[in-house]
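Have a look at the structure below before the remarks.
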Amino acid sequence: MIFRYTILYVQDVKATLDFFNAAFGLKTAFLHESGDYGELDTGQTKLAVSSIELMQQLGKSPATKPVTNPSFEIAFETDDVAGALAKAVRAGAKQVQEVQEMPWGQTTAYVRLPEGILVEICTEVQAP
């Protein structure tokens, strides 16, 4: 078994894909003509985006408002956390945590996207 994709439920799929491009440099790999589903080019495991409206049409009940206490986060690894944080904030993300060195050998920062999604920007964990 492999981990194939994560789907984020949002109000505006295209705007969210565009935001990920501007904030994190991820390119849109696919956007359905309906505008209700898209995928970002993130390598073998996909990061997908679906409209809340489509999920409701399919009988699912996703949250309809951005959350302030998320039950998950997504993380992007980079060698330049400060630079990636600045780029995300310039694109419209709200800074949640400034760049910090963690005791387990990792540098992290956090932003919240316009749809409420929590994103960690981090380095690879360095073994002691």
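The values are calculated or read from the model by the stated rules, or taken from the named source; none is laboratory data. As the structure is a prediction and not an experimental result, all values here were calculated from the model. Please note: Cβ atoms are built from the backbone with ideal geometry, for glycine as well, and neighbour counts cover all protein chains shown.
Below is a table of values for the structure above.
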| quantity | calculated |
| --- | --- |
| Options THR45, THR28, THR16: the member that is under 20 Å from LEU85 (Cβ atoms) and touching a residue at least 12 places away in the same chain (Cβ under 8 Å) | THR16 |
| Check on PHE3, buried (at least 17 other Cβ atoms within 10 Å of the Cβ), of a type in the set (Phe, Trp, Tyr) and touching a residue at least 24 places away in the same chain (Cβ under 8 Å) | no |
| Sole residue being closer than 29 Å to MET1 by Cβ and surrounded by 12 or more Cβ atoms within 10 Å (Cβ to Cβ), chosen from THR16, THR107 | THR16 |
| Flag for LEU85 being out of contact with any helix residue (DSSP H, G or I) (no Cβ under 9 Å at 6 or more places or on another chain), among the hydrophobic types (A, V, I, L, M, F, W, C) and surrounded by 17 or more Cβ atoms within 10 Å (Cβ to Cβ) | yes |
| Top-ranked residue in the range 69-84 [being polar (S, T, N, Q) and under 15 Å from the mean Cα position of the chain (by Cα); ranked as farthest from GLY35 (Cα to Cα)] | THR78 |
| Scope the range 6-44; condition under 18 Å from GLU120 (Cβ atoms), of a type in the set (Ser, Thr, Tyr) and over 13 Å from the mean Cα position of the chain (by Cα); matching residues | none |
| Any hit, the range 77-85, residues being within 14 Å of PHE20 (Cβ to Cβ), in contact (Cβ under 8 Å) with a residue 40 or more places away in the chain and charged (D, E, K, R) | no |
| Any strands (runs of 3 or more DSSP E) falling wholly within the range 10-128 and containing at least 3 residues that are touching a Gly at 6+ places or on another chain (Cβ under 7 Å) | 28-31 |
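Conditions (1) touching a helix residue (DSSP H, G or I) at 6+ places or on another chain (Cβ under 8 Å); (2) over 18 Å from MET55 (Cβ atoms), marked per residue:
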residue: THR16; (1), (2): no, no
residue: ALA23; (1), (2): yes, yes
residue: GLY35; (1), (2): yes, no
residue: GLY38; (1), (2): yes, no
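Each row is one residue, and each column tells you yes or no for (1) more than 21 Å from LEU31 (Cβ to Cβ); (2) at pLDDT 95 or above; (3) among the acidic types (Asp, Glu); (4) not assigned by TED's automatic domain parsing to the domain that holds THR16.
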{"site": "VAL49", "(1), (2), (3), (4)": "no, no, no, no"}
{"site": "THR64", "(1), (2), (3), (4)": "yes, no, no, yes"}
{"site": "GLY83", "(1), (2), (3), (4)": "yes, yes, no, yes"}
{"site": "ALA86", "(1), (2), (3), (4)": "yes, yes, no, yes"}
{"site": "VAL99", "(1), (2), (3), (4)": "yes, yes, no, yes"}
{"site": "GLY105", "(1), (2), (3), (4)": "yes, no, no, yes"}
{"site": "ALA109", "(1), (2), (3), (4)": "yes, yes, no, yes"}
